[in-house]
1. Given labels modelled 7 Å from the Cα in the Cβ direction, how far is it in nm from LEU93 to THR136?
2. Keeping all protein chains in the complex and leaving out DNA, RNA and ligands, what accessible area do you get for ILE5 with a 1.4 Å probe, in Å² to the nearest 10?
3. Report the accessible area of TRP6, computed with a 1.4 Å probe over the heavy atoms of all protein chains in place, in Å² rounded to the nearest 10.
4. Where the centre of each part is set by its Cα atoms, how far does segment 111-143 sit from segment 36-93, in angstrom?
5. Determine the order of MET27, MET130, MET18 by accessible area, beginning with the largest, at a probe radius of 1.4 Å.
6. What whole-number value in Å² describes the accessible area per residue of the chain for a 1.4 Å probe?
7. Using just the helices of the chain, give the 222 nm mean residue ellipticity in deg cm²/dmol: DSSP H runs with n ≥ 4 each add -39,500 (n - 2.57), and the total is spread over all residues, rounded to 500.
8. How far apart, in nm, are the 7 Å Cα→Cβ label points at PHE72 and ASP22?
Amino acid sequence: MAAIIWLIAGIVLAAAEMLTGDLTLLMLGAAALGTAGVTAAADLPLWGDALVFGGVAGVLFLGVRPVLRRKFGTPPPIPTNVDALPGKSALVLEQVAAHSGQIKLGGEVWTARPLDPDEVYDAGLTVYVMKIDGATAVVWKGP
């Protein structure tokens, strides 16, 4: 009977891991499943089950969890190249209108067009890059 309780606890804990994602409940669930297997093979008393559960959980927390967190817990990639440009400020070099214009963005000269096609930005104005469309920066004057 104890093995069935450990089995159910292991399945519930492993399933609950989907709600947290930090591998804690998964390690506890695996420890409970391991304890269910040992209890089914050797009918241990309650304190024996607790020792098996604690030992397996300790091994999983200290040995397996750090390896899994290093492998699967990588931070999101830092935007580079064109993906890093939206949100940057730029200096208008030539008047930016719907079909023409140039800006200086990060030391490079880019062709540009306004986000709103009806707007025109004069030379010397600071604008913000909203997105990159091909080789053209789509800019906005800002608030």
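1. Distance between label points: 1.7 nm.
2. 100 Å²
3. Approximately 50 Å² for this residue.
4. Here the two parts' Cα centres lie 43 Å apart.
5. From most accessible down to least: MET18, MET130, MET27.
6. 64 Å²
7. The per-residue figure over the chain is -13500 deg cm²/dmol.
8. Placing both labels 7 Å beyond Cα along the Cβ direction yields 1.6 nm.
The values are calculated or read from the model by the stated rules, or taken from the named source; none is laboratory data. The structure presented is a predicted model; accordingly, all values stated were derived computationally and were not measured. Note: ideal-geometry Cβ built from the backbone for every residue, glycine included; neighbour counts use all protein chains shown. Please note that ligands, DNA and RNA were not included when accessible areas were found on the heavy atoms of the full protein model with its side chains. Shrake-Rupley method; radii C 1.70, N 1.55, O 1.52, S 1.80 Å.
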